[in-house]
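See structure below.
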Amino acid sequence: MIFALFVISGGIYLEGDLKAKPLVNTAFLAIGGVLANIFGTSGASVILIRPLLRTNAERAITAHIPIFFIFIVSNIGGCLLPIGDPPLFLGYLRGVPFFWTLRLIVEWITALGILLLIFYIWDSFAYKREKAYIEKLEQMAYRPLRLKGAINFLWLFGVLGAVIFLTPNRLESWGLTHGPLKFLREYVMIALALLSLITSPLSSETRKANNFTFEPIKEVAFLFIGIFITMVPALEILREKGPELGITQPWQFFWATGILSAFLDNAPTYLTFFSLAQGVAEKMPGVYHIPPELAHVGVPEKLLVAISLGAVFMGASTYIGNAPNFLVKAIAEEWGFKMPDFFTYIIKYSIPILIPVFVLIMLIYLR
């Protein structure tokens with residue numbers, strides 16, 4: 001799925017240069033936060049980061065802009081659908097209903113609303129400091145947005161349709177659970193990626209403008225293969241010994257999942273605590289309610305909410321928390337935007353901005 005979204009979104013190019021006013025930048029981030037649920041955090045990041053950087057190229061005080069883009073578009077925005085972020089997709093593969101994640105919409109609105117407000121205030125102060133000399137430059141550089149490679153949206157929606165409709169239950173009803181056709185969903189997503197390469201080849205104007213290469217997705221693939229193989233014993237240990245670790249409350253799952261997501265990767269971390277929640281439910285029957293739609297996966301809803309929010313939200317805390325983070329960092333540096341190093345990102349941005357938001361989410365929704 002990540003491969004298909006990456007390849008297809010790489011054929012979409014938003015050409016143009018808007019006026020880099022705080023409201024315009026905030027709108028970019030808000031739209032990206034919505035699109036992340038449809039095209040995935042990787043897809044939305046690839047589509048939107050370059051037009052946002054191009055819009056702000058005339059400004060001098062810009063370090064905060066790609067940082068908030070990582071917070072909102074590359075991570076927190078994508079928590080409403082399994083296609084939005086890899087950990088939620090893994091939950092879907094484990095049996096969580098596709099539309100269950102819409103249950104997180106209130107927490108999503110809360111986190112996005114706070115971060116968008118912080119960004120707007122921050123960007124307004126920055127814009128006022130440089131307004132006098134950039135207005136003329138912006139006027140000269142202004143070009144309305146124009147979309148190229150729009151055919152790729154058809155392939156993107158095809159991937160979404162494959163994820164929603166080609167479910168294991170549906171394949172079973174069609175008698176396709178055995179033999180090579182049991183991977184029909186994966187075949188369709190690969191085919192859609194190939195169609196994107198046919199309609200927008202590597203030599204096309206859109207992919208050249210996006211500096212498209214396969215290196216980022218190769219790095220993600222190698223990372224995932226290594227992590228998933230080594231995590232198998234840990235998953236089984238957590239399932240058996242989970243309650244003995246003392247992690248039994250929703251807020252504990254939220255922080256434990258989130259902290260490991262920030263420094264490992266949020267997808268395998270989600271699986272780890274998903275197994276832990278199954279173990280807690282088995283060893284502590286009757287303590288947590290498991291609704292009928294989650295009965296077959298054996299995870300209490302309160303714990304699944306905490307795990308989902310921790311994995312998706314706190315993946316923004318470091319560059320290695322989620323695959324698109326490093327991608328956005330690399331693209332921003334290519335455009336001449338000065339990005340903080342690993343520890344500066346955490347100390348200057350993640351801790352003072354994100355941690356208070358996470359504490360608020362915990363106090364309101366996870367007590």
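Okay, residues lined up against (1) closer than 20 Å to THR257 by Cβ; (2) crowded, with 23+ Cβ neighbours inside 10 Å; (3) of a type in the set (Phe, Trp, Tyr):
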residue: ILE8; (1), (2), (3): no, yes, no
residue: GLU15; (1), (2), (3): no, no, no
residue: ILE31; (1), (2), (3): no, no, no
residue: ILE49; (1), (2), (3): no, yes, no
residue: LEU53; (1), (2), (3): no, no, no
residue: PRO82; (1), (2), (3): yes, yes, no
residue: GLY95; (1), (2), (3): yes, no, no
residue: PHE98; (1), (2), (3): no, no, yes
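Per-residue answers, yes or no, for (1) touching a helix residue (DSSP H, G or I) at 6+ places or on another chain (Cβ under 6 Å); (2) touching a residue at least 40 places away in the same chain (Cβ under 8 Å):
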position: ILE8; (1), (2): yes, yes
position: ILE38; (1), (2): no, yes
position: ARG50; (1), (2): no, yes
position: ALA60; (1), (2): yes, yes
position: ILE70; (1), (2): yes, yes
position: ASN75; (1), (2): yes, yes
position: ILE83; (1), (2): yes, yes
position: ILE105; (1), (2): no, no
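Applying the criterion of being aliphatic (A, V, I, L, M) and not in a helix (DSSP H, G or I) to the residues of the stretch 244-289, the residue that is surrounded by the most Cβ atoms within 10 Å (Cβ to Cβ) is ILE247.
In the set LYS348, LYS329, LYS302, only one residue is basic (Lys, Arg), part of a helix (DSSP H, G or I) and under 21 Å from GLU244 (Cα atoms); that residue is LYS302.
Kindly provide the set of residues from the stretch 285-310 that are hydroxyl-bearing (Ser, Thr, Tyr) and at pLDDT 95 or above, ordered by number. Full working, then the answer.
Step one: filter the stretch 285-310 for residues hydroxyl-bearing (Ser, Thr, Tyr), giving 288, 308.
Result: SER308, single match.
Could you say which residue among ILE118, ILE61 is assigned to a helix (DSSP H, G or I), of a type in the set (A, V, I, L, M), over 13 Å from the mean Cα position of the chain (by Cα) and surrounded by fewer than 23 Cβ atoms within 10 Å (Cβ to Cβ)? From the options ILE118, ILE61, the qualifying one is ILE118.
Taking the residues in the stretch 195-236 that are exposed (fewer than 13 other Cβ atoms within 10 Å of the Cβ) and in contact (Cβ under 8 Å) with a residue 12 or more places away in the chain as candidates, determine which candidate is nearest to SER261 (Cα to Cα). Of everything passing the filter in the stretch 195-236, GLU236 is nearest to SER261 (Cα to Cα). One residue alone among LEU192, LEU154 is surrounded by fewer than 14 Cβ atoms within 10 Å (Cβ to Cβ) and either modelled with pLDDT of 90 or more or polar (S, T, N, Q) (or both), and that residue is LEU154.
Taking the condition farther than 24 Å from ILE109 by Cβ and surrounded by fewer than 21 Cβ atoms within 10 Å (Cβ to Cβ), does PHE326 pass? Step through it out loud before you land on a result.
Values: farther than 24 Å from ILE109 by Cβ: yes; surrounded by fewer than 21 Cβ atoms within 10 Å (Cβ to Cβ): yes.
Here the answer is yes, as PHE326 does meet what is asked.
Among the criteria (1) crowded, with 16+ Cβ neighbours inside 10 Å; (2) modelled with pLDDT under 85; (3) under 17 Å from ILE12 (Cβ atoms), the one GLY149 does not fulfil is (2).
The values are calculated or read from the model by the stated rules, or taken from the named source; none is laboratory data. Remember, it's a predicted structure, so these values are computed and weren't measured experimentally. With ideal geometry, Cβ positions are generated from the backbone for all residues, glycine too; neighbour counts draw on all protein chains shown.
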